[in-house]
Amino acid sequence: MESPNQEHILSYTTLFGVLCILLALTAITIGVSRIDLGVLNIWAAILIAACKAGFVLLFFMHLRYETRLLQITFVVTIGSLAILIGFIFWDISFR
Amino acid sequence: MTDVPSYLKTPSSPNLKGIWVWLLTTDHKRIGVLYMISILFWFCIAVTLGLVIRTELMAEGETLMGSQTYNAVFTLHGVIMIFLFIIPGIPAIFGNFLLPIQIGSDDVFFPRLNLLSWYLYIFGGILAVVSLFSGGPPDTGWTFYVPFSVQTESGVTFTVLAAFILGMSSMLTGINFITTIHRLRMKTMGWMQMPLFTWSLYATAWVQLLATPILAITLLIIVAERIFGIGLFDPGRGGDPILYQHLFWMYSHPAVYIMVLPAMGVISEIMPVFSRKAIFGYKAIVYSTLAIAIAGSLVWAHHMFTSGMSDTAVFVFSLLTFVVAIPSAVKVFSWVSTMYKGSVLMTPPLFYALCFIYLFSVGGLTGLVLGAAGTNIHVHDTHFVVGHFHFVMFGGAGFAFFAALHFWWPKIFGRMYNFRKAYRAAILITIGFIVHYMPMLILGLQGMPRRYYNYLPQFEAGNFFAGIGGFIMVAGIMLMLVNLVQGLRKGEPAVGDPWGGTTLEWSVPSPPPLHNFLDTPRVKSYPYDFTDIMKQQAGSKKV
Amino acid sequence: MNAVINPVPGVDQAFLYILGFSVVLLLGITIVMIVFVFKYSRSRNPLPSDIRDNWKLEVLWTVIPSIIALSMFYYGWSSYTGLRNVPAGALEIEVTGQMYSWIFLYPNDKETENELVVPLGKPVKLNITSSDVLHSLFIPAYRIKVDAVPGMKTYAWFLPDKPGSYYMQCAEFCGVGHADMTATLRVVPEPEYEEWLEIEEE
Amino acid sequence: MNSSTPDKAGVKLGMWLFLYTEIMLFGGLFVLYAAYYSKYTSVFIEAGKSLDITIGALNTMILLVSSFTVASAITAIQKKARRSAAALVGVSMVFGVLFLVNKYFEWGHKFEAGIYPGSPDLSDAEAGKSLFFGLYYLITGLHGIHIIIGLILLSISLYFITTKRIHETQFVVLENSGLYWHLVDLIWIFIFPLFYLIL
């Protein structure tokens, strides 16, 4: 079992740095959405959103410093959701 | 062993009095018993409704009731059986009672959350009753297919909310179990030393956790559709009713495994104990449990081969369906082989378990007919499906539930029941079962659709026999329950380990004391090691 | 033009193949189970052996069922393609499900309710939709069933190879009249069909 | 098993498991979004233009900043700065309320324009438009409910901080409320581009 001292303390500067990155990414995603990339637009939007989500998860939610168990199960959850969404297209795309 | 009062005599916290000893308890064992009482209550109601259905169908034409009433009855039968009986059945009763003991803990990780889950369950049941009086009983079938479920004027909204609440209850139980297994398992118990019942609960809990929210949102959408008229599935506004079916089965197919995995866990406990021999292929069973949980979540659209879905999807989902069949087959072979060169003692729990293996095999094999695309088209939505899933759900999960009742009854209440009556009941139930559901398979092959309150004349004989079987089966169920309850008063006191089991629950007194263990339990390096039992037996003068 | 293949025998063969294997497997499991219960009963065999696993056996009973399962899948799928591939030149009939009857619309705009008449020996394609909730057109004799979905067209085809009268039913629960939503399929020789088609119904 | 000392890691595991169910809950709606987007791409893009990017961006920033303040509150409590922790949680709550106010005006504006579930304008619109707004109202509505729940959790944490039931060695309630608040933020991170920014 983990010892209680292993609690990770994130510095204010790190957190603030992450906030700045997140705000910057928000600006970027708005900017990108104004350029017409065709089908790529939605993928760009999702990709940038995923990056932002990653920063929130890893730092704000401390996932980076959590146990293996939490990291693995989180990936499993997202993976299941991705499979559910993906498998729908076996139907939608070929109907 | 020192005399310590059992959990039935000790309130979980000292200031509880009277009925509050039960209603405010946080002891996982008491909560298990609370679940047992409430789940058996709903089970009896649903059995009655099922018998009403079959009685109506025994003769052609309108006999007992009209079409609208019939539709309400089968909807309620389905909703109650699925959401109030089978899904919570084994995990909520036996999981609650045994999971902490099997891993050497004194309770689940969140005892108060556990109690909350029970209250949610009760609340869901009440909502289901309320739905009867708010616009008439629901008449959509338990699948709530759109657009019908959005258009009908019956009280579907409340039924759907009831299912939503029950889903939450089951989800919270899942969270509780996973946390318990991860955090409260004894340090000395590795993953591969965990009893198979606990393993099955673990896999089930993950399915509950990840699949139930999909049901929740699907049901919320129906409520939103009915109240606000959003039109997400309304073809007139571009919606796609087939998408609803995808969402619905994304939960409801994995739900089949929520129902049947714990049942398989029960059988995996019973077979070794009464064969007095290690379970054959422990690891194979563990891996197939996980494989079923994972692959079983990816086959939902095999309920939709005739729905107008794309042929590519039919191909993919049919193929995946056959993949799921394999781990189930592996388990069946392992259970049977467990008896090979064992020392088999026939008892009521083992009898139920053997019936389980037979009936579940029929259910699984008829499932192959449904999984194959070409044959599915003919039998989909017919009585063949009704027969098939009753073989799996009732012959499988239901019989495992009965087996578990007989297996752990002495552990839970500290009293034995009458064996002779138990066998009689079991034989009645099994014979009734076969007479009841075999004709349905044949009727389905002949082309009788399901959810019909009336039928073409050529189907009368089959339906008549099915009805007869139904009555035999219900008589058996009544006898079984009466016998168990009589055991509470008249039965002989049970010792801590009446069957010669090896998992930790048999190392504590029956019924267990409040905190389960009097001293630190000793974990075996292999959970089904019977050498100690054999030594004890050699020590005493018995054969 | 190549001859039209009737998909019904293919489906029936798949049924026989899967059910045959199932019966054999079921009998095998049951017999072995019963034999074990008696042969190794505690009175006959008080001392159990400690056998925990046998990886060769386990691999064997994983691989063989996998092969059987895949062959079943193959039969199922190939018979399914027979049901889906409409031969060229099929007679197309528009079908609409509604609460609680079936409407059939012929190429010459003749409309019938709950009665489908088709010429013998000519493949028939049914284009199906619904005007209200889900229904499902089920013709047991020709092993076809397909949902009628509002706002969407689905199809099924069959080859009427024997004259006679068959029944059709609704297989997707649709409400109070679900069980009464039956219709008749009549297969008649071609001249009779032509004659029937010209009769104006009032 | 010694149950006198609360097992922090277990409580946090329970919270994460709960968050997974929340992810899957919203996931179901995203399944629908994916299906309908692929079917009615152009209609969705057209409908998305009628949403106000400024309000959307503003709300995104509000949530991001409030996430930052909640995360900082945990750092503060770990560093034994109870007062600043309380202040930071308070600020986060103010942001949460601001978000709801914005949302209120945005919804109200749409209702005035005749775009609401089941409205005649939407029912007569081309196929797909009503799906976009149906999903929009469902997802943002559900998200709004989660903001309210998050606010309740944060206020409980705030109360515990002021009454010293949350302190530098025992702050799992704050941590879990924070996790919940971040999840609400996470979902918004996906809602924003999928509804406001599609082009």
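The values are calculated or read from the model by the stated rules, or taken from the named source; none is laboratory data. Here the structure is a predicted model, which is why all the values come from computation and not from measurement. With ideal geometry, Cβ positions are generated from the backbone for all residues, glycine too; neighbour counts draw on all protein chains shown.
Mind checking which residues of the stretch B:56-84 are in contact with a Gly (Cβ under 6 Å, 6 or more places away or on another chain) and under 18 Å from B:MET473 (Cβ atoms)?
Listed by number, the residues that qualify are B:MET58, B:HIS77.
With respect to B:SER337, determine if the residue is in contact (Cβ under 8 Å) with a residue 24 or more places away in the chain, in contact with a Gly (Cβ under 9 Å, 6 or more places away or on another chain), away from chain A (no Cβ under 14 Å) and over 28 Å from C:THR81 (Cα atoms).
For B:SER337, the condition - in contact (Cβ under 8 Å) with a residue 24 or more places away in the chain, in contact with a Gly (Cβ under 9 Å, 6 or more places away or on another chain), away from chain A (no Cβ under 14 Å) and over 28 Å from C:THR81 (Cα atoms) - is met.
Please determine, by comparing only the residues of the stretch C:52-83 that are more than 7 Å from every other protein chain (Cβ to nearest Cβ) and over 28 Å from the mean Cα position of the chain (by Cα), which one is surrounded by the fewest Cβ atoms within 10 Å (Cβ to Cβ).
C:LYS56
How many of the residues making up the stretch B:173-231 are part of a loop (DSSP other than H, G, I, E, B) and either under 18 Å from B:ASP106 (Cβ atoms) or of a type in the set (Phe, Trp, Tyr) (or both)?
7
Please indicate, with yes or no, whether at least one residue in the stretch D:117-128 is in contact (Cβ under 8 Å) with a residue 24 or more places away in the chain and within 23 Å of the chain's Cα centre (by Cα).
no
Given (1) more than 21 Å from B:ASN376 (Cα to Cα); (2) in contact with a strand residue (DSSP E or B) (Cβ under 9 Å, 6 or more places away or on another chain); (3) not in a strand (DSSP E or B); (4) not polar (S, T, N, Q), identify the lone condition not met by C:ASP109.
C:ASP109 satisfies all of (1) more than 21 Å from B:ASN376 (Cα to Cα); (2) in contact with a strand residue (DSSP E or B) (Cβ under 9 Å, 6 or more places away or on another chain); (3) not in a strand (DSSP E or B); (4) not polar (S, T, N, Q) except (2).
Can B:GLY491 be described as in contact with a strand residue (DSSP E or B) (Cβ under 6 Å, 6 or more places away or on another chain) and more than 12 Å from every other protein chain (Cβ to nearest Cβ)?
So B:GLY491 fits the description; yes.
What do you reckon, is B:SER525 out of contact with any Phe, Trp or Tyr (no Cβ under 7 Å at 6 or more places or on another chain) and without any contact (Cβ under 8 Å) to a residue 60 or more places away in the chain?
For B:SER525, the condition - out of contact with any Phe, Trp or Tyr (no Cβ under 7 Å at 6 or more places or on another chain) and without any contact (Cβ under 8 Å) to a residue 60 or more places away in the chain - is not met.
Is it the case that the stretch D:102-124 has a residue that's crowded, with 23+ Cβ neighbours inside 10 Å, among the aromatic types (Phe, Trp, Tyr), assigned to a helix (DSSP H, G or I) and at pLDDT 90 or above?
Scanning the stretch D:102-124 turns up no residue that is crowded, with 23+ Cβ neighbours inside 10 Å, among the aromatic types (Phe, Trp, Tyr), assigned to a helix (DSSP H, G or I) and at pLDDT 90 or above.
A quick yes/no check of all residues on (1) crowded, with 24+ Cβ neighbours inside 10 Å; (2) more than 8 Å from every other protein chain (Cβ to nearest Cβ); (3) out of contact with any helix residue (DSSP H, G or I) (no Cβ under 8 Å at 6 or more places or on another chain):
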| site | (1), (2), (3) |
| --- | --- |
| B:SER307 | yes, no, no |
| B:ASP311 | no, no, no |
| B:PHE322 | yes, no, no |
| B:THR347 | no, yes, no |
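Do we find that C:TYR167 is over 18 Å from C:TRP102 (Cα atoms) and among the hydroxyl-bearing types (Ser, Thr, Tyr) in this structure?
It is false that C:TYR167 is over 18 Å from C:TRP102 (Cα atoms) and among the hydroxyl-bearing types (Ser, Thr, Tyr).
Against the condition surrounded by fewer than 24 Cβ atoms within 10 Å (Cβ to Cβ) and β-branched (Val, Ile, Thr), how does B:ILE227 come out, does it pass?
Yes, satisfied.
Just to be sure, is B:MET264 in contact (Cβ under 8 Å) with a residue 40 or more places away in the chain and away from every other protein chain (no Cβ under 11 Å)?
Yes; evaluated as a whole, the condition is true for this residue.
Run D:SER42 past the list (1) more than 8 Å from every other protein chain (Cβ to nearest Cβ); (2) buried (at least 21 other Cβ atoms within 10 Å of the Cβ); (3) closer than 30 Å to A:GLY38 by Cα and report the number of the one that doesn't hold.
The one condition D:SER42 does not meet is (2).
Given the options B:GLY470, B:GLY462, name the one that is touching a Lys or Arg at 6+ places or on another chain (Cβ under 7 Å) and buried (at least 21 other Cβ atoms within 10 Å of the Cβ).
B:GLY470
Going by what's in this entry, would C:SER49 be described as within 7 Å of chain B (Cβ to nearest Cβ) and not hydrophobic (A, V, I, L, M, F, W, C)?
yes
Taking the stretch B:405-429, which residues are surrounded by fewer than 23 Cβ atoms within 10 Å (Cβ to Cβ) and either in a loop (DSSP other than H, G, I, E, B) or touching a Cys at 6+ places or on another chain (Cβ under 7 Å) (or both)?
Answer for the stretch B:405-429, where residues must be surrounded by fewer than 23 Cβ atoms within 10 Å (Cβ to Cβ) and either in a loop (DSSP other than H, G, I, E, B) or touching a Cys at 6+ places or on another chain (Cβ under 7 Å) (or both): B:GLY414, B:MET416, B:ASN418.
Residues being over 19 Å from D:VAL65 (Cα atoms), under 15 Å from the mean Cα position of the chain (by Cα) and at the interface with chain D (Cβ under 7 Å from one of its Cβ atoms): count how many of those fall in the stretch A:6-45.
1
Pick from B:ALA295, B:ALA278, B:ALA284: which is closer than 30 Å to C:THR81 by Cβ, among the small types (Gly, Ala, Ser) and touching a helix residue (DSSP H, G or I) at 6+ places or on another chain (Cβ under 8 Å)?
Result of the check over B:ALA295, B:ALA278, B:ALA284: B:ALA295.
Among the candidates C:LYS145, C:LYS122, which residue alone is within 11 Å of chain B (Cβ to nearest Cβ) and touching a strand residue (DSSP E or B) at 6+ places or on another chain (Cβ under 6 Å)?
Only one candidate qualifies: C:LYS145.
If we scan the stretch D:14-28, do we find a residue that is closer than 30 Å to B:MET186 by Cβ, in a helix (DSSP H, G or I) and among the β-branched types (Val, Ile, Thr)?
yes
Go through (1) under 30 Å from C:ASP180 (Cβ atoms); (2) aliphatic (A, V, I, L, M); (3) at pLDDT 95 or above for C:ALA90 and report which single condition fails.
(3)
If we only count helices (runs of 4 or more DSSP H) wholly inside the stretch B:1-107, which ones have 1 or more residues that are touching a residue at least 24 places away in the same chain (Cβ under 8 Å) and surrounded by 16 or more Cβ atoms within 10 Å (Cβ to Cβ)?
It comes to B:28-57, B:67-79, B:87-90, B:96-102.
Looking at C:ILE34, C:ILE67, C:ILE29, C:ILE18 in this structure, which one is farther than 21 Å from B:VAL362 by Cβ and among the β-branched types (Val, Ile, Thr)?
Step by step, each of C:ILE34, C:ILE67, C:ILE29, C:ILE18 is checked, and only C:ILE67 is farther than 21 Å from B:VAL362 by Cβ and among the β-branched types (Val, Ile, Thr).
Run down D:LEU158, D:LEU151 and say which single residue is away from chain A (no Cβ under 14 Å), without any contact (Cβ under 8 Å) to a residue 60 or more places away in the chain and farther than 30 Å from A:ILE35 by Cα.
D:LEU151
Among the candidates B:VAL379, B:VAL362, B:VAL435, single out the residue that is in contact (Cβ under 8 Å) with a residue 24 or more places away in the chain, within 21 Å of B:GLY467 (Cβ to Cβ) and within 13 Å of another protein chain (Cβ to nearest Cβ).
On inspection, the qualifying residue turns out to be B:VAL362.
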